[in-house]
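Encoded as structure tokens, the structure appears first; notes follow it.
Every number here is computed from the coordinates shown, using simple stated rules; none is lab data. Treat the numbers as computed from the prediction; the structure is a model and nothing was measured. Because the Cβ atoms are built from the backbone with ideal geometry, glycine has one as well, and the counts that use them run over all protein chains shown.
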Amino acid sequence: MAKDRGKAGERNVLVGVVWNCADMKLLLSSLFLLCSLATLIQFLPSTLGLSSSADLRSLLYSKFSSSSSSQAPPLNLSSFSSSPSSMPTPHPLKNEEVTPESVVKRAFNPVGSAAYLFVQMGAYRGGNNTFAVIGLASKPLHVFARPRFTCEWAPHDDRSASVTAPGYKILPDWGYGRVYTVVVVNCTFPADVGADGSGGRLIVRATTGGGGDRALDVEERFIALEEAPGSVNASIFSAPPRYDYLYCGSSLYGNLSPQRVREWMAYHVKLFGDKSHFVIHDAGGIHPGVMEVLRPWMEKGFVTLQDIREQERFDGYYHNQFLVVNDCLHRYRFMAKWMFFFDVDEFIYVQPKTTLESVLASLSGYTQFTIEQMPMSSKLCRSSDAGKTPRMWGFEKLVYRDVKRGVRRDRKYAIQPRNVFATGVHMSQNMVGRNLHKTEGRIRYFHYHGTIADRRYPCKVFINDTTLTVDGTPYVFDPTLRQLAGSVKRFELKALGSRLQRTRQ
């Protein structure tokens, strides 16, 4: 009997296991069916009379979640789906056609926007009733359409008293722009606005002006400048400037030589004097080695360093040089009597019996004058300097000048900024007053092209001749700046001590 009861128990256990396996198979089959159904629903067309596949998925999920948890709310997946009725209308296709002259006229179909309408870098008050807004804009838009700017002044104390004026745009980059071109928007109101220090906002309305092939005219409205109450000092527009000379540097980029920057800074601080200032724009070239050279001059108040690396996002000419110099012009317009524009591989020079102050005094009747270039070799050195060149400064050992005739060479320039509305890299064409280009007997600049971005010692060829021709280019021995090296070194040592004595190439 005990053996029979044992066998019966084994049969009951076996039946229970089989029954439990059947339940498990049913559960797994149900889950597989639900998952298959959910997968198929995603591929059902919307024409089957269902509201949407997402609605069914939501329904299934809500049923499943209510049976598994009474506390969790159902997830509405319909918000993540795109209904056919909400999709944008496709752009019509413009097809090519054959003209009566049997020419196949191809069609171009533009879709969307690939450039910003306006990218503002700065906005500055230029007087009691005038402002300048400096930025980038889509070049094709300004070439093939007619974008417009409207300026609005909204006082803080009474927004209903807003006044508007048309914005006058200046395109100062001579057509060099790429995806973006530089735009200076002049906002001049018929009467004073905010000059009493009451505060307000300068608001600009920019339009696309049509795209050449469409009548679309989209408008964007943005705050260009906001003045807090009491922040405007209108006396600055007529007061004597803080600096005699201000240098507006172009975009610095690449692997610059700290030693060449060191030499350039010491030379020009000595030449320009105590009432001078240098604005340096970092487009990626101010690495730690260069920063070590600039920091002592920054601490003494001679240098302002601006980080403009973000401008690389906007494809303009040569790291947006034209944008940078125009922003510098308007940012410091009332802070300097003269503003200089040249590069960090170029050295301004005046005759030994004159000073920069006396030269500029003789040119005070001109708004702008340009400066002749003296191109110097970046690799030819004297044989007598062999073995000593690592200790010599660049302009001390590079002493051969290119004298090839018939070559058009770039000029650099200086302006009296209060009479200038926009500017360029080599000269300004938007100004009031006289120009002077014949300045060779008074002021020049020596150009050591390529040396600023060369971290190696520049002397590649050592020669003894005073005149020679290399690769078809004639050179003459010119020790003009070499003779000034000793005084510049002593000036730096007196001004900064030995801080920069171990500067590397």
Fill in the blank from the handout: With N residues in the stretch 251-333, Rg(alpha-carbon) / (2.2 N^0.38 Å) equals 1.11
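Test of understanding: what is the full-extension gain from A115 to F477, defined as 0.36 nm times their sequence separation minus their Cα-Cα distance? Please report the intermediate quantities before stating the final value.
Working: separation 362, 0.36 × 362 = 130.32 nm, distance 5.05 nm.
Length gained between A115 and F477: 125.3 nm.
Any idea what the relative contact order of the stretch 240-496 is, in percent, if you count C-alpha pairs under 8 Å spaced at least 6 apart? Before the final figure, lay out each step's value.
Details: 475 pairs, mean separation 64.6, N = 257.
Relative contact order, the stretch 240-496: 25 percent.
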Handout entry: Stretchable slack from L436 to D157, in nm (0.36 nm times residue separation minus alpha-carbon distance)
Key = 95.7 nm
Practice task
Evaluate the distance, in nm, between pseudo-label points positioned 7 Å from the Cα of E97 and of Q306 along their respective Cα→Cβ axes.
Solution key: 5.0 nm
Handout entry: Simple spin-label estimate for T469 and K275 in nanometres, 7 Å along Cα-Cβ
Key = 5.0 nm
Practice task
Give the cross-link partners of K438 among the lysines, using a straight C-alpha distance below 20 Å as the criterion and excluding same-chain residues fewer than 8 apart.
Solution key: K353, K404, K412
Practice task
Arrange R444, R504, R295 by Cβ neighbour counts within 10 Å, fewest through most, would you?
Solution key: R504, R295, R444
Completion exercise
Each label sits 7 Å from Cα toward the beta-carbon; between S383 and N233 the label points are separated, in nm, by 6.2 nm
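Which of rounded, prolate or oblate describes the stretch 309-402 when judged by the alpha-carbon gyration tensor and an a/c cut-off of 1.5?
Values: a/c = 2.80, a/b = 1.33, b/c = 2.10.
Oblate shape, in that a/c is at least 1.5 and b/c is the bigger or equal ratio.
At a Förster radius of 45 Å, what calculated FRET efficiency corresponds to the Cβ-Cβ distance of D217 and Q351, to the nearest 0.05?
Values: r = 57 Å, r/R0 = 1.27.
Computed FRET efficiency for D217 and Q351: 0.20.
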Exercise for the section: Give me the net charge of V399's neighbourhood, meaning all other residues with Cβ under 9 Å from the Cβ of V399; Lys, Arg count +1, Asp, Glu -1. Expected result: +1
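Within 10 Å of each residue's Cβ, count the other Cβ atoms and sort I415, I348, I223 from fewest upward.
On the way: I415 25, I348 21, I223 13.
Fewest to most other Cβ atoms nearby, the residues stand as I223, I348, I415.
Using the 10 angstrom Cβ neighbour count as an exposure proxy, how do E312, E101 rank, fewest first? It would help to have the intermediate numbers written out before the result.
Working: E312 14, E101 6.
Ordered by Cβ neighbours within 10 Å, fewest first: E101, E312.
Could you calculate the FRET efficiency of K105 with F144 from 1/(1 + (r/R0)^6), where r is the beta carbon distance between them and R0 is 22 Å, rounded to 0.05?
Numbers: r = 18 Å, r/R0 = 0.81.
Working from the Cβ atoms, E equals 0.80.
Using the beta-carbon distance between K489 and V403 and R0 = 22 Å, what value does 1/(1 + (r/R0)^6) give for FRET efficiency, to the nearest 0.05? Don't jump to the answer; show the numbers that get you there.
Values: r = 28 Å, r/R0 = 1.28.
E(calc), rounded to 0.05, equals 0.20.
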